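Enquirer: Supplied in C-alpha cells, the structure appears directly below.
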Amino acid sequence: MSIGKLIVALGLVLGVSGFIPATALAHLGEDHTNPIEARQHEATTNAREDAKARLSETQKDMCEQRATNITTIMGRSVKRAENFGSFLTTMSQRVTNFVKNQTKPVDPALITALEQAQAQFATDLAAMKEKAVFSCNSDSPKEQIVAFQQAHRTILQDLKNWRLALKDIIVLFKPAQVDAS
C-alpha cells in the first residue's frame, strides 16, 4: 500500500471518528473526562437498572397472577395420580387374591414385576408431591414447573408400567376366545 493511500485511509478513519460523540466513546469503556458526560452515563445506567427492576416487578406480578392456576393444576395432577393409584391398588389386590386361589401356576416374576411397579409408583408419587409446590419468590419459578412436569411424566410412565404388569397376569387367566366362524 502506498503512503498516499495510507494517509487517505487514515484521514477517513480520523474524519469518521470525529463524528462520533464523546458520550458514545465513554460508553465503550473510556474514562469520563467531562463531569457532564459522567452524569449522562450515570443517568443512562440508572435508567437501565430501573427498567430492569420494573420488568422484573412486572414479571413477578404476572407470575403471582398465574400462581393460583399453576398450584391448582399441580394439585389436580397429584389428586388424579393418587386416585388412579388407589384404583390400581384395589385391582392388584384382587388379582393377587385370585391368583393365590387358582391351581394354575403363575410365574413368580410376574408377581414380582407387579409389586415392583407398585413400589416404584409409591416412591415417585411422594417425589411428585414434594415438587407440587410453586412460589414466585423462589430463585427460578420456571425450574419448579419443569421439575414438576418431569415428575408428572415419571408418574404417568409408572402407572403405565403398573397397568401392564396387571394386564400380563390377567391375560394368563383370560379364557381363549373361540372364533365363531
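Enquirer: Would you check if T58 is β-branched (V, I, T) and surrounded by fewer than 11 Cβ atoms within 10 Å (Cβ to Cβ)? So that I can check it myself, show each step before the final result.
Expert: Numbers: β-branched (V, I, T): yes; surrounded by fewer than 11 Cβ atoms within 10 Å (Cβ to Cβ): yes.
Yes.
Enquirer: What tally of residues in the stretch 126-144 results from selecting those that are within 13 Å of T68 (Cα to Cα) and of a type in the set (A, V, I, L, M)?
Expert: Looking only at that region, the number is 2.
Enquirer: Every residue in the stretch 102-148 that is surrounded by 13 or more Cβ atoms within 10 Å (Cβ to Cβ), of a type in the set (D, E) and at pLDDT below 90, please.
Expert: Answer for the stretch 102-148, where residues must be surrounded by 13 or more Cβ atoms within 10 Å (Cβ to Cβ), of a type in the set (D, E) and at pLDDT below 90: there is none.
Enquirer: I need every pair where a residue in the stretch 87-102 that is small (G, A, S) has its Cβ under 7 Å from the Cβ of a residue that is part of a helix (DSSP H, G or I), sequence separation at least 6 or different chains.
Expert: S92/L114; S92/Q118; S92/L166
The values are calculated or read from the model by the stated rules, or taken from the named source; none is laboratory data. Keep in mind the model is a prediction, meaning the values are calculated, not measured. Quick reminder, even Gly has a Cβ in these numbers, built from the backbone with ideal geometry, and neighbours come from all protein chains shown.
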